[in-house]
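Have a look at the structure below before the remarks.
The values are calculated or read from the model by the stated rules, or taken from the named source; none is laboratory data. Please read these numbers as outputs of a predicted model, since none were measured by experiment. As a convention, Cβ positions derive from the backbone with ideal geometry for all residues, glycine included, and neighbour counts pool all protein chains shown. All accessible areas refer to the heavy atoms of the entire protein, side chains included, with ligands and DNA or RNA removed. Shrake-Rupley method; radii C 1.70, N 1.55, O 1.52, S 1.80 Å.
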Amino acid sequence: MNILCAGINHRTAHLEVRERFAVREDEMAGMLARLRQIEGVSGVVMLSTCNRVELYASGLCTLRALDGFRSILAERTGLEAPLYHHDTPQAVRHLFRVASGLDSMVIGETEILGQVKKAYSIANEAGAATRSLHKLFQHAFRVAKTVRTETQITSGPTSIGSVAVELAGKIFGSLEGRRVMILGAGEISERTARSLQSRGVRSVIVSNRTYERAASLAAEIGGMALHFDHWENAIVDVDILISSTNAPFALLTPERIAPLLKLRRGDPLFVIDLAVPRDADPAINELDGLFLYDIDSLEQIAAQSLDIRRQEVVRCESLIDHHVGGFLSWLKTAREPGIPK
Amino acid sequence: MERIALLASTLCYLFSFGHTLFVLGAGRFHPGRFNFIAMALGAAAQGWYLSLRGAAEHACPLGTVPETLVFLSWSIALIYLVIGPSYRISLMGAFTAPLVLLLQIVAVLLPEGARSGFFRPNPWVETHAALSLVAYGAFGLACVAGFMFLLQEGQLKSRRPAPIFHHLPPITVLAKAILRLLWVGFFLLSLSFAAGMHAHITISKAKFFFSILIWVLYAALLTGAKTGLFTGRRFAILASTTFLLALVLLPVIQHLSTGTE
């Protein structure tokens, strides 16, 4: 029994190409049925995400399966697909790497595992997965879990928004019910506020020199606009302050902030300064209970996380090698029902 | 047999601590079940030791400094074993193991010394002593949470957090844990004082003032927290230093009191 993996991904094809070959969920059952009709193919699982379209097939002749897959894709799109392909054992290794997030655009991202599980579940429901594919995918899920728990491949956030969310989480725990104030209605502040909202922040106050702009952004993100003259009063009641004004001087100085902190009864304040030039005097980070992060420090943390992940790849590969060996030992002795060994 | 029980518990805590160091050194931040099981076995062996001592003396095994230290580290371990899984305070076991191990090693190395006459069989006296030490167990764990708070707060302030930052609990969660543990400890300490008063025990002046001082310090700490007087950092520092002060003074006072009670 052989395993074939063939497909396109973010490394081999641009988005414009990938989107042409993508298979929607409602089309998947029909696609799987067609793929199973290819001569020599006993079972198929198809993975279609924004970064990859891949076929995993079990059968006796992988070359025929590859040709058949290419023809079906060409028929669907009118394009020749720039397919890469792997046979056993590389196909097995490839799936284990994909499920573990090692083949993703952002190394270690975990969304892909859910997508692989979904692809397997659809094939399973359609009756397209054979015993060896069942075993292969179950093994891939175990490998992904092992890689996640035994290495730091998923360690740390990798974008400014996710860094802000992680830091806020490390200060406040749950963000449910936390209050945010945006000072200066810029695009990056809005994105960061939305990231925080996605994690449970409910109350957002927007304050801008132009009140209309503040009102417009507040309406967009479901917040409340505040006249710029009053932002200092609001600091006492917010947990997170995102600042990105165009002020040519520091707005948030120790002299201004220290008396306001005293009114907060010891509650911490997280200040995210996204402005260039900076809105916050770095000295406010020395104030007890205040945590200041500027754009550079946020970017450094994102880069640091990616570095840690890259360093972990070798350990992940070694774990995967071990599991590939385990799966191949099983495959050698396995027999598909109705198919000669 | 008592010595074997004591050494067995020390070894368990040593394994727990060693394993944690190894795991953290290898860049993995999930000491996991091994750490927890080793702590549980250590606490069980300590329980065995204390029950043997209790049976031998026909009284609560708190008559010598080593016994007191074992009882205290047992209380800390037990409270950790109860709150660790329920509050899911990540890495708390990793920080608790060294404190428990330190107390245990000191208990093993110290000579047995003279027994205090304090523990003539009297249930109220025993309740007083046992509750005091369980209260100190809660204060000990609050001290551990305080250290974790200061470490995590330092990471946040540095703006270049080390990998352990991602695995330590949020500072707000740690501050809440410190507060709850202090309340538990304070409640038990107050109960123990009530039991002591009921027993009409006679203690040395030094011990009396020391006990009142610790009670007042924790009462002030809790009042300050309730009124928003402290920032999280100050609260963590005060919770940790108050326990360390008590830890240093406790054996001294115990030693000074031997023979006067």
Size of the A/B contact, given as accessible area buried on both chains, probe 1.4 Å, in Å²: 2400 Å²
With no solvent and one equal point scatterer per Cα, compute the Debye intensity ratio I(q)/I(0) for segment A:127-221 at 0.11, 0.17, 0.19, 0.23 Å⁻¹ and report its log10, rounded to two decimals. -0.52, -0.79, -0.89, -1.11
Return the aspartates and glutamates within reach of B:K157: Cα separation strictly under 14 angstrom, same-chain partners fewer than 8 residues apart disregarded; answer none if there are no such residues. A:E286, A:D288, A:D294
Could you name every residue in segment A:285-300 that has 40 Å² or more less accessible surface in the full protein assembly than in its own chain alone (probe 1.4 Å, ligands and nucleic acids excluded)? A:N285, A:D288, A:F291, A:Y293, A:Q300
Here the convex hull volume per residue of chain A, taken over Cα atoms and given in Å³, is 153 Å³
What are the radius of gyration and Dmax of segment B:126-207, computed over its Cα atoms and given in Å? 17.6, 56
Could you work out how much longer the chain between A:L263 and A:E80 gets when fully extended? Use 0.36 nm per residue separation minus the Cα distance between them, nm to one decimal. 59.2 nm
Work out which residues of segment A:171-212 lose at minimum 40 square angstrom of accessible surface when the other protein chains are put back, relative to the chain isolated, with a 1.4 angstrom probe, and list them by number. A:I171
Compute and list, largest first, the equivalent-ellipsoid semi-axes of segment A:195-297 from the alpha carbon gyration tensor, each √(5λ) rounded to a whole angstrom. 21, 16, 14
If I model a spin label as a point 7 Å beyond the Cα along the Cα-Cβ vector, how far apart are those points for A:M224 and B:K226 in nm? 3.1 nm
What residues from segment A:101-118 fall in the zone where the backbone N is under 11 Å from a label point 7 Å along the Cα-to-C-beta line of A:R11? A:102-105
Compute and list, largest first, the equivalent-ellipsoid semi-axes of the protein assembly as shown from the alpha carbon gyration tensor, each √(5λ) rounded to a whole angstrom. 56, 37, 16
Considering only protein heavy atoms, what per residue accessible area in square angstrom results for segment B:156-261 with a 1.4 angstrom probe? 49 Å²
Pick out which of B:L188, B:L151, B:L174 has the largest mean-square fluctuation in a Gaussian network model of chain B, springs linking Cα atoms closer than 10 Å. B:L151
What is the percent carbon and sulfur in the accessible area of the protein assembly as shown, measuring with a 1.4 Å probe over the protein chains and ignoring ligands? 60 percent
Ordering A:R265, A:R309 from largest to smallest accessible area (1.4 angstrom probe), what's the sequence? A:R265, A:R309
Largest fluctuation, B:G232, B:G196, B:G224 only, Gaussian network model of chain B with Cα springs under 10 angstrom, belongs to B:G224
Cα-based reach from A:K118 at 20 Å (exclusive), listing lysines while leaving out same-chain residues under 8 positions away: A:K135, A:K145
If the chain between A:T149 and A:E299 were fully stretched, how many nm would it gain, using 0.36 nm times the residue separation less the Cα-Cα distance? 51.5 nm
Rounded, prolate or oblate: pick one for segment A:2-150, where a ≥ b ≥ c are the square roots of the eigenvalues of its C-alpha gyration tensor, a/c under 1.5 means rounded, and failing that, prolate if a/b is larger than b/c, else oblate. oblate
Rounded to whole Å, give me the distance from the Cα center of segment B:171-207 to that of segment A:310-334. 54 Å
Restricting to Cα atoms and excluding each atom paired with itself, what does the Kirkwood estimate give for chain B in Å? 18.9 Å
State in Å² the accessible area per residue of chain A; use a 1.4 Å probe, count heavy atoms of protein chains only, and round to the nearest integer. 44 Å²
Interchain or long-range residues, amide H under 5 Å from A:I3's placed H: A:T88
For chain A, built as a Gaussian network whose Cα springs stay under 10 Å, the top-fluctuating residue of A:V206, A:V276, A:V41: A:V276
